[in-house]
1. Rg/Rh for the range 268-334: what does it come to with C-alpha atoms and Rh from Kirkwood?
2. Reported to two decimal places, what Rg/Rh ratio describes the range 148-270 when computed on Cα atoms with Rh from the Kirkwood expression?
3. Efficiency by 1/(1 + (r/R0)^6): what FRET value for S176 and Q204, r their Cβ-Cβ distance, R0 = 30 Å, to the nearest 0.05?
4. Using modelled backbone amide H atoms (1.01 Å from N, in-plane), which distant-in-sequence or interchain residues come within less than 5 Å of G158's amide H?
5. How large is ³J(HN,Hα), in whole Hz, for each residue of the range 85-94 in order, when computed from phi with the Karplus curve 6.51 cos²θ - 1.76 cosθ + 1.60 and θ = phi - 60°, using x for Gly and Pro?
Amino acid sequence: MIETLLLRAAIVVVLGSLAYFFDPFPVSPAAAGVFGLALAGAVILLERRLKKACLTRLIGAAVGAITALIASLLMSAVLERAAGDNPLTHFIVIVLLCLSTYMGLAIGANKGEMLNLSALGGLIGGEKVGKSRFMILDTSVIIDGRIADVGETGFVDGTMAIPQFVLRELQLVADSADSLKRNRGRRGLDILQRLQKSAHVRVQIVEDDFPNIRDVDMKLVELGKVLGCKIVTNDFNLNKVAQLHGVEVLNINELANALKPIVLPGEIMRVFVLKEGKEYNQGVAYLDDGTMVVVDNARRMISKTIDISVTSVLQTTAGKMIFGKFDERTHTVYEKTHTATTTTAGDTATQPLAPRREQSAAAPQAS
């Protein structure tokens, strides 16, 4: 760290001194020295920015700039030969060189992440980590919307790639005549805008397409193969197909199931019995995260909050199911508090109804 600071200080001193003593512009030596210091500051700022860029982006930017520069030089030579040597031609040549170089840098850096450095036979192996952080989003996970919440938490470290054919599919869904499909498509487009505005997520549009493949899911699988990236989805069928083709998949549903609270057999849970179960004398409840709870001996406790004892937990591909048992001898039933409103002259008061006491089965005998 100290060596880097010393090197930067030396660059500032050298450039400032050279500009001061040589005075390359028709200005005072002091003004030339200030220009040299500003130039040194710009170089240091550019160096700090380039340190944060990945190697593939740097290679892409260099290749793009060199290619654009060669093309602009060829066009300049043709232009000078055709239009002659005049001030307008010189101006057009300079503008052409600047614009083409800038376009080459920008496009090359943007497309540089698609370079497959593993083709060099492991000569540059450090970029494998960066490749693994490149994720492709499919249509279902974009419409689902939870990927935006996950990205905004900062747990996702990498670039989310949106293929162009996925955008086309979203647009077709958003333009559908069916109101339900149209709302789903518009929701997906809103989620993409939210991802682009998020400070914790990098979004990149991928232009690669496979015209010979009509199915969008198979296009995603082929794109994952070509780029060596993971596919983010919540589609069960796409998950299986991608695994069969050797493409890694990140399933949002599996992530949600993994983050659900752990319940062990024997624990006491408080649930609200919502409806009747399929089996005899069963009740069904749901936790806040949507987990189904099947409760034995709870059929007559529908619309009541009760304490149950967990007997087992079943983990499936669709989610988690909890099985419990209600025993009114050891567990509590939580009734809703009933209130009655009594109105007096000019005043209204709400009083809880007193619980109804059970009368004894045996009538008191007269003395």
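A short reminder: the numbers here are calculations on the coordinates, not readings from a lab. Quantities reported herein were computed from a predicted structural model and do not represent experimental measurements. FYI the Cβ positions are ideal-geometry reconstructions off the backbone, even for glycines, and counts take in every protein chain you see.
1. Using only Cα positions, Rg/Rh for the range 268-334 is 0.94.
2. In the range 148-270, Rg relative to Rh is 1.03.
3. Given R0 = 30 Å and the Cβ-Cβ separation, E is 0.65.
4. R202
5. Karplus-based 3J(HN,Hα) across the range 85-94 equals 8, 8, x, 5, 5, 4, 5, 5, 5, 5 Hz.
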